[in-house]
Amino acid sequence: MTALERAGHRVFLAAASVVFLAYVLAPVAWLASSSVQQEAEITSRPPHWIPQRPTPENFAAIFEAKEKQVTYENRRQGDPATGGYIPSTARNLMPAMWNSLIVAVAVVVLNLLVSVPAAYAMAKIRFIGRSASIYFMLITRVIPDIALVVPFFLFIRKLGLLDHLGSLVITYLAITVPFSVFILVSYFESLPDELDKAARIDGCSRLQTLLLVYVPLAVPSLVAVILFTFLTSWNEFLLALMFTQTPASQTMPIVVASFASDFTISFSFINAAGVLAVVPPVVLAIAFERYIVSGLTAGAVKG
Amino acid sequence: MARIRLQSVGKRYPNGFSALENLSLEIEDKAFVVLLGPSGCGKSTTLNLIAGLEDVTSGALYFDEQIMNVVPAHRRDVAMVFQSYALYPHKSVYENIAFGLRMRGHPAADIDRRVKDAARRLELEALLDRRPHQLSGGQRQRVALGRALVRQPAVFLMDEPLSNLDATLRIAMRAEIKQLHQTMQTTFVYVTHDQAEALTLADQIVVMRDGVIQQIGSPEEIYDRPRNTFVASFLGNPPINYLEGMLTEEGEALCFQRGSLSLVLPHALALRLKGQAGRSVKLGLRAEEVDEHSVPRPGETLHGRVSSVLPVGSDQYLGFEAEGKLLFFRVGRDLRHREGENVALSVNVNRLQIFDSGTGDSLLWSGNGA
């Protein structure tokens, strides 16, 4: 009876997992599948999950896109129904991805440089206004980004950074640092104070204590912070839309969105761009997979 | 080597809590000093101040003649062992022990020699490649000791290092620490709330309460000549018994009087209590200072009823009702008292303590110590 129950339980769990996975992965699968379909196939009914005539055309267009002036007169040269239509801004996609990557990496690096020492100080040094400063940082995250757009815009304009990647780095830091500090503070606080004392007695300055003792122990939460920061910058749309105006500083989400506002829309092409957009975060996740898993057992770290 | 001197040291935290007030203490070079007190008495704070882990708010801290108030921890020649051991979880035993030397820039060959030497001394040689989480509590404790002793510091600080160990291991480690002090020839400052540890290890005990030193002295002094009831109560197992009463003069002799109980104080004590007759006092009677063997003599006898018998292996504890109070004594295990029996106990009057019934200060020994 119990064995039967246990088997039933297992079957139920397996079924539930399959449903959950299907729910999560179906859009991604459709993205991947449709990125190698032609526009005609993508709009067919019922949809083809497995492309009948797979084509590299969409990807080729991204990598080989030429400058093309689209006017009202020539807009039908590439009829979306034939699958030959490529948006006029297609050639901006690769530079935009490069911009996104530069911004994301810069934000990750600068964010760590600021948030790691800040979190250590807040977790391990008793100073007046310590808990107030932690709460204050968190409160800044309660304000919705849309409320900050105008002040940010004026600020960026004053700095002369409009249409410059620096504007994105600065504002993304303002968004990501408080949350990173919060994650790290709670992790550092979970590490025993005596470890800090022991390191200082052993001859470490505060900075050495942080770098030689706390940072190695905090790798799981550092990875969490890196992923969070990278993904936030990589995906951010609203601020990028406000501060960037030309391909010189436009990021990937802006350019992909612009494909949908052209004279005509090629969904298969947009999906191909989407597949490319997914690649860097996935690569990052795979690279850090080991640490993400070890983050789950981080509670085992004890003095 | 260092003599440590705290001069009117105060420690106040940003939240206004005052952990230490006007604390003055001198620790001789190569001494083994134990700071003893209940939790929250400021003993760990004192240790942290000496280590440089916390800043002195007022007063001065000297190592020999050098003022140390603002010298950061990593520039003081101190080593410390913590209650939780505080080993670096990500480093091997070898690296844990070597870390302090590495940070101070010792040459690699010297580090290797010293670490192996310490490992041999603490029987850790087979464990050098292990991580702390693969070690037992006792092994971790020894690594923590190794990490401290490998540096050959001028001052060796220990913050309740044995309280996470089980009872047998604790006794063994006590002996090891005592031996370590003898071989290292350096100043030890040891914090504990365990009176047995303090009595076995210390050259000098500093009893603290609420950030104030109550008494400084050798273990014998602290035990035999407590300056107040707090010190008297803190040492002794079971704790010292108190009886409120009156000092009276009977002819030549000075007596302690309470109801039908009358104890004649010996000459040596009476001398110290000259002119105090008629004063209401608190009598302190240590648990072991009674004897059921000797024939009770007048003026040295306590009559009462056995209310409970608690064997504790080597001894037994006797719950004893006398003069309307419940007292506890430690007696030999061969004596078979039954509950409810009326017994006369002979009191060792030479070891009586007399305290002021109001302040709790000793009327016998208020002058000694600090």
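Please treat every number below as a calculation from the coordinates, not as lab data. Values in this document were obtained by computation on a predicted structure and should not be read as measured data. Neighbour counts run over all protein chains shown; Cβ positions are idealised from the backbone, glycine included.
I'm checking a number: the convex hull volume of the Cα atoms of the protein assembly as shown, normalised per residue, in Å³. What is it?
It is 270 Å³ per residue.
Taking neighbour Cβ counts within 10 Å as the exposure measure, how do B:His267, B:His181, A:His164 sort from fewest upward?
B:His267, A:His164, B:His181
Would you mind ranking A:Arg130, B:Arg338 by Cβ crowding within 10 Å, fewest neighbours first?
B:Arg338, A:Arg130
Most fluctuating residue of B:Gly52, B:Gly40, B:Gly275 in a GNM of chain B with Cα springs under 10 Å: which is it?
Greatest mean-square fluctuation among the candidates belongs to B:Gly275.
Filter the cross-link list B:Lys43/B:Lys325; B:Lys30/B:Lys91; B:Lys91/B:Lys116; A:Lys124/B:Lys91; A:Lys124/B:Lys30; A:Lys124/B:Lys178 down to pairs whose alpha-carbon distance in this structure exceeds 24 Å.
Listed pairs above 24 Å: B:Lys43/B:Lys325; B:Lys30/B:Lys91; A:Lys124/B:Lys30; A:Lys124/B:Lys178.
Expressed as a whole number of Å, what is the distance separating the alpha-carbon centroids of region A:216-291 and region A:133-159?
Cα centroid to Cα centroid, the span is 21 Å.
Relative contact order of region B:70-134: what whole-number percent is it, with Cα pairs under 8 angstrom and at least 6 residues apart?
44
Give me the compactness ratio for chain B, meaning the Cα radius of gyration over 2.2 N^0.38 Å.
Here the answer is 1.18, to two decimals.
So what is the calculated 222 nm ellipticity per residue for chain B, using -39500 (n - 2.57) for each DSSP H run with n of 4 or more, over all residues, to the nearest 500 deg cm²/dmol?
-7000 deg cm²/dmol
Counting Lys and Arg as +1 and Asp and Glu as -1, what is the net charge of the other residues whose Cβ lies under 15 Å from the Cβ of A:Val116?
0
Using r as the Cβ-Cβ distance of B:His90 and B:Tyr13, and R0 as 45 Å, what FRET efficiency do you calculate, to the nearest 0.05?
It comes out at approximately 0.90.
Select from A:Asp202, A:Asp145, A:Asp193 the residue whose mean-square fluctuation is largest in a Gaussian network model of chain A (Cα-Cα springs shorter than 10 Å).
A:Asp202
Along each principal axis of its Cα atoms, how long is region A:92-300 end to end? Whole angstroms, biggest number first, please.
68, 39, 26
If each of A:Ser261 and B:Met184 carries a label point 7 Å out from its Cα toward its Cβ, how far apart are those two points in nm?
About 7.1 nm separates the two model spin labels.
How far is it, in nm, from the label point at A:Arg53 to the one at B:Thr248 when both lie 7 Å from their Cα along the line to the Cβ?
Here the modelled spin labels are 12.3 nm apart.
At a threshold of 8 angstrom on Cα-Cα distance, excluding pairs fewer than six apart, so keeping six or more, what relative contact order does region A:135-279 reach in percent?
It rounds to 30 percent for region A:135-279.
Once you average over the residues of B:85-93, how many Cβ atoms of partner chains fall within 10 Å of each Cβ?
So the per-residue partner count for this stretch is 6.
On full extension of the chain, what length is gained from B:Ser280 through B:Asp224, given 0.36 nm per residue of separation minus the C-alpha to C-alpha distance?
Extending this stretch completely gives an extra 18.0 nm.
Using alpha carbons only, how many angstrom separate the centre of region B:308-370 from the centre of region B:255-291?
Cα centres, region B:308-370 to region B:255-291: 13 Å.
Between A:Ile143 and A:Phe228, what's the calculated FRET efficiency when r is the beta-carbon distance and R0 is 22 Å? Round to 0.05.
For R0 = 22 Å, the calculated efficiency reads 0.75.
For B:Met184, B:Met80, B:Met158, A:Met137, what ranking results if the residue with the fewest other Cβ atoms within 10 Å of its Cβ goes first?
B:Met184, A:Met137, B:Met158, B:Met80
For q = 0.10, 0.11, 0.19 Å⁻¹, what log10 I(q)/I(0) does region B:51-143 give under the Debye formula with an equal point scatterer on each alpha carbon and no solvent?
Each listed q maps to, in turn, -0.34, -0.41, -0.94.
Put a dot 7 Å past each Cα toward the Cβ at B:Ala126 and B:Glu65; how far apart are the dots in nm?
Label-label distance for B:Glu65 and B:Ala126, simple model: 5.2 nm.
Apply 1/(1 + (r/R0)^6) to the Cβ-Cβ distance of A:Thr246 and A:Ile286, taking R0 = 30 Å, and write down the FRET efficiency to the nearest 0.05.
0.35
In nm, what is the difference between 0.36 nm times the number of residues separating B:Ser314 and B:Thr359 and their Cα-Cα distance?
Net length gain for the segment: 12.6 nm.
Any idea what the relative contact order of chain B is, in percent, if you count C-alpha pairs under 8 Å spaced at least 6 apart?
16
Just from the alpha-carbon atoms, what are the Rg and Dmax of region B:136-188 in angstroms?
That works out to 10.8, 30 Å for Rg and Dmax.
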